[in-house]
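Trainee: Sharing a structure, written as structure tokens. Questions coming.
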Amino acid sequence: MLAGLCAAVLTCGSPTQEPASPPPPPAQQQQQQQQQQQPQPQQPGPDEGAVARRRDALRRAVQGSGQDAPAPAASPVNQGGVPIPTALSGSIGLQSGPFQSLAISMDLMTAVGTSSEPDPVIQQLQGGHHDPRRRGFTLQQAELQITGAVDPFFQGRFVLVSALDAETNETIVEIEEGWLQTQQLPYGLQLRAGQYLTPFGRLNPVHPHAWDFQDQPVVMSRFFGEDGLRGPGALVSWLLPTETYLELSLGAQDAHGETMASFLSSDEAYAERPLGGRSFPSDGAPLVRSGGDLVWNGRVAVSFDPSPPTTFLAGVSGVFGPNATGAGAATAIYGADLMWRWRPLDNRRGYPFFKVQGEVMARDFEAAAQVDASDPNNPFAVAGETLHDWGAYLYAVWGFDVGWAFGLRGEYASGRGQSYVGQGQFDRAQDPWRADRVRVSPMLSYQTSEFSRLRLQYNFDRSDHLTRDAHSVWLGFEILVGPHQPHSY
């Protein structure tokens, strides 16, 4: 049976064998031999340059994460260091040919910690769904990822994430990603369709287990909601034929749902985080009637090596679409990001290294005029206004010894335009999702191997909506089982 399985795997994905033809006459054989002896000019494929640039981009992405680059697939090993037969590696998710047939992996993140604030306030300070969000223990996420090639022309990815609700401990299961992507389009083009993370900035397209810190930056929680910006749609990207890596992307996604917090969102999301104190329409968000009812996103990304040990990446992003406060109301979010990494050529398992990363974002939210009818005897007209918010984070991570790294992150968020707090009153300082806020976070991490990591992080928070400064400490543990694909550039 094992021999039959090996034979099936070896033949899977290979071209169909044609029946053997009768040998040609001797004269024809001699003519063919003479033709074969003549040197033949090599014709490079029209897309080899684009493929090489995408491969180089993948290398930069792995290096930029501060983690070790994956080992060559010629002799794969499992977590115990036991070699895996190359003939079978294609069936269990390791690279064994021109494309990967299947990769299945599981990632588990959990944390324990405490804070000077009670749990309801912690859940305002820790705005990401996969952040440590309560005193005691938190299951941040359990992620199942399946990635593989459909054929030489398409690949697919499916990511299922489960977590425990910080308030009720109820199990939450969601499809984080589910898409197909082309692999053979000409001229450096690539098309993706399905449910995907919006390519905005450095962190939004990356799963939480690949972040350097344990929690989501403040500005991302405010603009993108607790689960980040994602949704069903289509994305086309173009890798330009230049010496420097330069990629343009343009996409459109559905504007509804809690993962589109700044756009058409949902009544549940507004009940938890009313943006600017505005209310969700009682008759629901409008349906899609035209392209203007979608969220449109664009990004320009560039990367180059200033010197052999260093890599620099930068990008600008924008996302635009309607919001739920009223007819004609829209939201625009802009951002710029950068990453600089130093790692000597004679490094040992990727150490030492030094990495700097940051993003700055701004949002213009057109809040339509509404009526607060919570008191039927005294309705209050809330005038329309454009709310302006902005924020940024900047951090550095120093990998000072094999497995060990120290990081320091600073964040700031602010805005302009008052939030409605009810009973005819406006005060942005009372709005936990728009008040001026500063957060500083030192972090120490230790990777026992490429498959497990411990992180100790302290958060200092100062926000106008708090009566005192907040102090929180989190110890997180993460494991990875199975081959996990590097994240896209």
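The values are calculated or read from the model by the stated rules, or taken from the named source; none is laboratory data. The shown structure was predicted, so the numbers you read here are calculated from the model rather than taken from an experiment. Neighbour counts are summed over all protein chains in view; Cβ atoms, including those assigned to glycine, are modelled from backbone coordinates with ideal geometry. Please note that ligands, DNA and RNA were not included when accessible areas were found on the heavy atoms of the full protein model with its side chains. Shrake-Rupley method; radii C 1.70, N 1.55, O 1.52, S 1.80 Å.
Trainee: Which of the GluC sites (Glu not before Pro) found in segment 155-207 are loop residues per DSSP with 14 or fewer other Cβ atoms within 10 Å of their Cβ? Could the numbers behind the result be given before it?
Mentor: Working: sites: Glu167, Glu170, Glu174, Glu176, Glu177; in loops: Glu167, Glu170.
Taking segment 155-207 and a limit of 14 other Cβ atoms within 10 Å, the loop GluC sites (Glu not before Pro) found are Glu167, Glu170.
Trainee: Quick check: pseudo-label points 7 Å beyond the Cα along Cα→Cβ at Asp283 and Val402, how many nm apart are they?
Mentor: According to this spin-label approximation, the distance is 6.7 nm.
Trainee: Could you tell me what percent of the accessible area of segment 251-407 is made up of carbon and sulfur, with a 1.4 Å probe and every protein chain present?
Mentor: Values: 4380 of 7000 Å².
That fraction is 63 percent.
Trainee: A follow-up question, please. Could you derive backbone 3J(HN,Hα) for segment 120-137 from the dihedral phi with the Karplus parameters 6.51, -1.76 and 1.60 (θ = phi - 60°), listing whole Hz in sequence and x where the residue is Gly or Pro?
Mentor: Each residue's phi maps through the Karplus curve to give x, 6, 4, 5, 7, 6, 9, x, x, 4, 9, 7, x, 10, 7, 5, x, 9 Hz.
Trainee: If you take the alpha carbon radius of gyration of segment 344-489 and divide it by 2.2 N^0.38 Å, what ratio comes out, to two decimals?
Mentor: Details: Rg = 21.8 Å, N = 146, 2.2 N^0.38 = 14.6 Å.
Expressed relative to 2.2 N^0.38 Å, the Cα Rg reads 1.49.
Trainee: Would you pull out the residues with amide H under 5 Å of Thr386's amide H, same chain only if 5 or more places away, H placed 1.01 Å from N?
Mentor: Amide H to amide H, under 5 Å and 5 or more residues apart or across chains, Thr386 pairs with Ala367.
Trainee: Quick check: Cα centre of segment 165-205 to Cα centre of segment 459-480, how many Å?
Mentor: Comparing the Cα centres of segment 165-205 and segment 459-480, I get a distance of 28 Å.
Trainee: Additional query: Once phi is turned into ³J(HN,Hα) by the Karplus curve 6.51 cos²θ - 1.76 cosθ + 1.60 with θ = phi - 60°, what whole-Hz value does each residue of segment 390-405 show in order, with x for glycine and proline?
Mentor: 8, x, 7, 9, 8, 9, 10, 10, 10, x, 8, 7, 4, x, 9, 8
Trainee: Segment 292-354: percent of C-alpha pairs farther apart than 17 Å?
Mentor: Result for the distance tail: 59 percent.
Trainee: Using only the alpha-carbon atoms of segment 218-366, report the extent along each of the three principal axes, biggest first, to the nearest angstrom.
Mentor: The Cα atoms of segment 218-366 stretch 62, 33, 23 Å along their principal axes.
Trainee: Considering only protein heavy atoms, what per residue accessible area in square angstrom results for segment 225-264 with a 1.4 angstrom probe?
Mentor: Working: 1380 Å² over 40 residues.
On a per-residue basis, segment 225-264 sits at 35 Å².
Trainee: If you don't mind, another one. How high is the FRET efficiency between Val150 and Tyr446 when r is their beta carbon distance and R₀ equals 56 Å, given to the nearest 0.05? If you can, show how the numbers build up before the last one.
Mentor: Values: r = 39 Å, r/R0 = 0.69.
That gives a FRET efficiency of 0.90.
Trainee: Still on this structure: Ranking request for peptides 139-149, 406-416: highest mean number of other beta-carbon atoms within 10 Å first, then the rest in descending order.
Mentor: The peptides rank, most packed first, as 139-149, 406-416.
Trainee: Determine ³J(HN,Hα), in whole Hz, for all residues of segment 334-348 in sequence, where each value follows from phi through the Karplus function 6.51 cos²θ - 1.76 cosθ + 1.60 and θ = phi - 60°; x replaces Gly and Pro.
Mentor: 3J(HN,Hα) across segment 334-348, in whole Hz: 10, x, 9, 9, 8, 8, 10, 9, 10, 8, x, 5, 9, 5, 10.
Trainee: Mind grabbing the accessible area of Asp469 for me, 1.4 Å probe, Å², rounded to tens?
Mentor: 50 Å²
Trainee: Roughly how many Å² of Phe400 are accessible to a 1.4 Å probe, to the nearest 10?
Mentor: 80 Å²
Trainee: Could I ask something else about it? Can you list the trypsin sites (Lys or Arg not before Pro) in segment 192-300 that are in a DSSP coil and have 16 or fewer other beta carbons within 10 angstrom?
Mentor: Answer in residue order: Arg289.
Trainee: Given the protein chains as shown and a 1.4 Å probe, how many square angstrom of Thr259 are accessible, to the nearest 10?
Mentor: Approximately 20 Å² for this residue.
Trainee: Under a point spin-label approximation (7 Å from Cα along Cα-to-Cβ), what is the Val173-Gln425 distance to one decimal in nm?
Mentor: Computed distance between label sites Val173 and Gln425 equals 4.4 nm.
Trainee: Need one number for segment 302-427: average projected area of the convex hull over its C-alpha atoms, nm². Before the final figure, lay out the partial values.
Mentor: Details: hull surface 43.5 nm².
Taking a quarter of the hull surface, the average projection is 10.9 nm².
Trainee: Could you give the spread of the C-alpha atoms of segment 164-237 along their three principal axes, from largest to smallest, in whole angstroms?
Mentor: 49, 24, 20
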